[in-house]
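Trainee: What follows is a single structure, and I will ask about it in a moment.
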Amino acid sequence: MGDWFQRVVDVQTSGADAEVQAARLRSWLIAERIIEPVLTDCVLGEPRGHPPGADFATALADGFTDENLALTRTLWTNGMDISTGRQVYWVAEPVGPLTCPHCGHLEEMDHPQSRWNGAFNDAFTAWLAGGDGRVPCVSCNALVALNDWDWGPYPWAFGELGITMWNWPPIAAEFVARVGDLLGDRVVYNCGKL
């Protein structure tokens, strides 16, 4: 069984701006009736989240029947969490290879000599502590920010504002783009199962 999650993470906003952007995003999601304005026990890992709104299907990819949507509404864990604060939005899928945006070097992560537990782990720690979290490319020596590496099909995101939808059918790429447009920032989509 398990629970599915989908996230849209703003990887550019920071500090006090994250709270302002979160309030703006929450207001828009409520006005669009994608989420309910009330907070309930409908998300994992947080005390409370927003249940799906009357029009939450407008955020979803095409192809879902009323029966699919009704099923989502019956689940205990079916809400949206809007989080602020510096976080690593990881996925449980295997990582890598990562690609340097400057030279195209592939950074393999699935062998014992990978830099995952060294340079990348150090960058995660530095980023969470308030630093910029950069990893030097071993090919071109460019210092690459964690969000600038191409993470492939299962991207991690490092941000101070993110929304997590629990057990929703797949969200539409257009919804992800609308969130990015509203925030005026680059956003990263990721998903997985716990």
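Trainee: Identify, by number, the condition in (1) buried (at least 18 other Cβ atoms within 10 Å of the Cβ); (2) not in a helix (DSSP H, G or I) that Gln113 doesn't meet.
Mentor: Checking Gln113 against (1) buried (at least 18 other Cβ atoms within 10 Å of the Cβ); (2) not in a helix (DSSP H, G or I), the one that fails is (1).
Trainee: Here's another thing I want to ask about it. Within region 1-31, work out how many residues are part of a loop (DSSP other than H, G, I, E, B) and touching a Lys or Arg at 6+ places or on another chain (Cβ under 9 Å).
Mentor: 5
Trainee: Within 22 Å of the chain's Cα centre (by Cα) and not in a loop (DSSP other than H, G, I, E, B): is that true of Asn78 in this structure?
Mentor: no
Trainee: I'd like to verify a number: residues in region 77-110 that are without any contact (Cβ under 8 Å) to a residue 60 or more places away in the chain and buried (at least 18 other Cβ atoms within 10 Å of the Cβ), how many?
Mentor: 4
Only the coordinates and a few stated rules stand behind these numbers; no lab work does. Note that this is a predicted model, so its numbers are computed, not measured. As a convention, Cβ positions derive from the backbone with ideal geometry for all residues, glycine included, and neighbour counts pool all protein chains shown.
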